[in-house]
Structure formats: structure tokens, C-alpha cells
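Input: a single structure, listed below in C-alpha cells.
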Amino acid sequence: MFTRFFKENESNSELTEELDEKNIPQHIAIIMDGNGRWAQKKHLPRIAGHRQGMDVVRDITKAASGLGVKVLTLYAFSTENWKRPTDEVDFLMALPVRFFNNFVPELIENNVRVNVMGYKDQLPPKTQQAVANAIEQTAKCTGMVLNFALNYGSRAEIITAVQNLAEKAQKGQLTPSEITEDVLSNAMMTANLAPYSDPDLLIRTSGEERISNFLLWQIAYSEFVFTDVLWPDYKPNDFVMDIVKYQQRNRRFGGLKEENNK
Ligand code: IPE
Ligand code: IPE
Ligand code: MG
């Protein structure tokens, strides 16, 4: 029964028994939300939540890689997050430096390749350097892709893609009728994740049920799981439970359930 998975006293091993290892979402995207509220609850400054969240990134990355996920996309900083106080923005910009300094060796051990999508040229030089180093150091890893969305916004992404296509059209390299779903997909920041460009599962932590300008084009047929757990409290066990919820869903893509399709 569905409710089984929510019993507080259920052990990890029982939970993983419920997991269908043959039906792991290939691309999982996560809106890591609730760091500030986690800190506030503990009477700590908001940045304490971001610091704790960094360790959760490490744990969930390992869990995802162990489960055989192909791409894990993590929303780390949106194009709208610049609106926050300078101190918080500065801390968030320093986090990738810290994260990669601490964890690149472990990522390599786990055969995880780092990818970063977003307007990287607007990041502080030190952040850009840390990102470039991590990408280079993990370039030969052939396992899961850990894809950070950093200074990413979906509307900006779509505008950039459309501008690039318009330029090609202006140069006579493309006609309007040649602009198909594939062509637009290939102009998005997720193009290099093909064949896993579109998430199968989108998770948002912290109880908020909105998309906040994340992957608007790519989530057309993603399954959504919203969990109340705040990101700094999110455990591999919660992650497995959310994948189990995904496995309960019936993805139809506009068609019919398989058994009705005969
Ligand atoms: C998510 O946590 C991290 C970022 C957006 C960078 P928040 O900082 O948004 O935490 P809340 O939503 O204020 O609790
Ligand atoms: C979305 O969270 C962005 C990231 C998780 C990086 P926000 O906390 O910025 O989103 P809103 O403001 O609640 O919509
Ligand atoms: Mg938030």
C-alpha cells in the first residue's frame, strides 16, 4: 500500500526493498529549498543553513550515483537570487569553491562528472575558476553527471536560445519551419545532457509548491514530488522515498496506460 512508505518507524532496508531498481528515474532535478528556514528554526544565521545544505548535496549525490541515476540536476542559485542581501549572495558564491575543494576527490572516486549550467560569466572570478577546475578534474568520469544550475533562470535560458536561433535565421542558416522541438531543445543549456536532457522526476523540498523559474521547457512531462522536508534535513532515505513515489506514478505522455493500449 502507498501509505506503507510513510510509516515513521519503517527501517531503511524495508524502504529500499520497496524500490524498483529497474525503474530509477534517469534524470532527477531538485529545487533545494528551505536552507534559510532551517537556520531560522535553530536561531542561526541563514548562511548556516546553506553550509549544512552543502553536506546534503554530497550525500544525495552519492545516493543518486549509487542508485544508477544518469543525471542529477541541482538548483543552486537562480538568476533571481541576486536580490538577496550582499552577505548572503557572497556566501552562496563562495560555496561552490568550498564544495569542490572538499569533494572533488570523492566525486572522482564515485566516477561522477561535474557540469554547470547557467550564466557563468556573471559569477565572481573565484567561483568561475572553481567551476572550471571541477569540470576539468572530473572530465574523464563516465558515471553520473552532477549538473549544478548556478545563476540559472529558465526564462533567460529560453530567451538566449531563441536569440541564437533568430541569429541563425537572420544569417540564412535556418528557416522558421526548421525550428522544431528538437532544434529548440538543442539550443537549451541542457542540450549537452542528451539523451537525458529532460528530468523524469522533479523534487522540491521545504513545502513550497512552485517552480521558481526552473527548467520550464524541460519539465513538460516530468513527475513532480513536493516534500515538506527542509533541504538541510533531507536524507538519502527521503530521496529514496521520493523515488518510490515517482515509481507509483503512471506516466502516460498524453497516451493511455499501457494495459489500455491494446
Ligand atoms: C534554498 O534555500 C537555497 C537557495 C535558494 C540558494 P533558501 O535560502 O531559499 O531557504 P528559504 O526558502 O529561505 O528557507
Ligand atoms: C529557488 O528557490 C532557487 C533555488 C533553490 C536555488 P527560492 O527560494 O529562490 O525560490 P522562491 O523565491 O521561494 O520562489
Ligand atoms: Mg527559498
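Bear in mind that the values in this text are calculations on the coordinates, not laboratory data. As the structure is a prediction and not an experimental result, all values here were calculated from the model. Positions of Cβ are generated from backbone atoms using ideal geometry, with glycine treated the same way; all protein chains shown enter the neighbour counts.
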Review point. Being aromatic (Phe, Trp, Tyr), farther than 30 Å from residue 167 by Cα and outside any loop (DSSP other than H, G, I, E, B), is that true of even one residue in the stretch 247-262?
Key: no
Check your understanding: Does the stretch 226-246 contain at least one residue that is in contact (Cβ under 8 Å) with a residue 24 or more places away in the chain, away from ligand 1 (no atom under 16 Å from the Cβ), among the basic types (Lys, Arg) and closer than 30 Å to residue 128 by Cα?
Key -> yes
Review point. Within the stretch 88-139, how many residues are over 25 Å from residue 154 (Cα atoms) and within 15 Å of ligand 1 (Cβ to nearest atom)?
Key: 1
Practice item. Please verify whether the stretch 163-173 includes one or more residues that are away from ligand 1 (no atom under 16 Å from the Cβ) and under 27 Å from residue 104 (Cβ atoms). Key: no
Revision key, fill the gap. All conditions in (1) surrounded by fewer than 11 Cβ atoms within 10 Å (Cβ to Cβ); (2) within 16 Å of ligand 1 (Cβ to nearest atom) are true of residue 195 except (2)
Exercise for review: Could you please tell me which pairs satisfy a Cβ distance under 6 Å, a separation of 6+ or placement on different chains, a first residue in the stretch 23-39 that is in contact (Cβ under 8 Å) with a residue 12 or more places away in the chain and farther than 16 Å from residue 249 by Cβ, and a second residue that is assigned to a loop (DSSP other than H, G, I, E, B) and within 10 Å of ligand 2 (Cβ to nearest atom)?
Suggested key: 31/214; 33/205; 33/206; 33/208; 34/205; 34/206
Check your understanding: Do you know which residues across the stretch 19-45 are surrounded by 18 or more Cβ atoms within 10 Å (Cβ to Cβ) and either within 11 Å of ligand 1 (Cβ to nearest atom) or basic (Lys, Arg) (or both)?
Key -> 30, 31, 32, 33, 34, 35, 36, 38, 39
Review point. How many residues are in a helix (DSSP H, G or I), surrounded by 15 or more Cβ atoms within 10 Å (Cβ to Cβ) and in contact with a helix residue (DSSP H, G or I) (Cβ under 8 Å, 6 or more places away or on another chain) when one looks only at the stretch 63-91?
Key: 7
Revision key, fill the gap. Taking the stretch 106-158 and keeping only residues that are crowded, with 20+ Cβ neighbours inside 10 Å, part of a helix (DSSP H, G or I) and touching a helix residue (DSSP H, G or I) at 6+ places or on another chain (Cβ under 7 Å), one is left with 127, 130, 131, 134
Practice item. Please go through the stretch 226-240 and pick out each residue that is among the hydrophobic types (A, V, I, L, M, F, W, C), buried (at least 21 other Cβ atoms within 10 Å of the Cβ) and not in a loop (DSSP other than H, G, I, E, B). Key: 231, 239
Point to revise | Hey, residue 216 under 22 Å from residue 72 (Cα atoms), within 15 Å of ligand 2 (Cβ to nearest atom) and of a type outside the set (Gly, Ala, Ser) or not | key: yes
Review point. Can you name the residue in the stretch 200-225 that is without any contact (Cβ under 8 Å) to a residue 24 or more places away in the chain and assigned to a loop (DSSP other than H, G, I, E, B) and is also nearest to ligand 3 (Cβ to nearest atom) among such residues?
Key: 210
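To keep it simple, each residue is scored yes or no on (1) within 16 Å of ligand 2 (Cβ to nearest atom); (2) surrounded by fewer than 19 Cβ atoms within 10 Å (Cβ to Cβ); (3) charged (D, E, K, R).
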position	(1), (2), (3)
167	no, yes, yes
180	no, yes, no
199	yes, no, no
204	yes, no, yes
209	yes, yes, yes
Check your understanding: So is residue 90 more than 16 Å from ligand 2 (Cβ to nearest atom) and more than 15 Å from the chain's Cα centre (by Cα) or not?
Key -> no
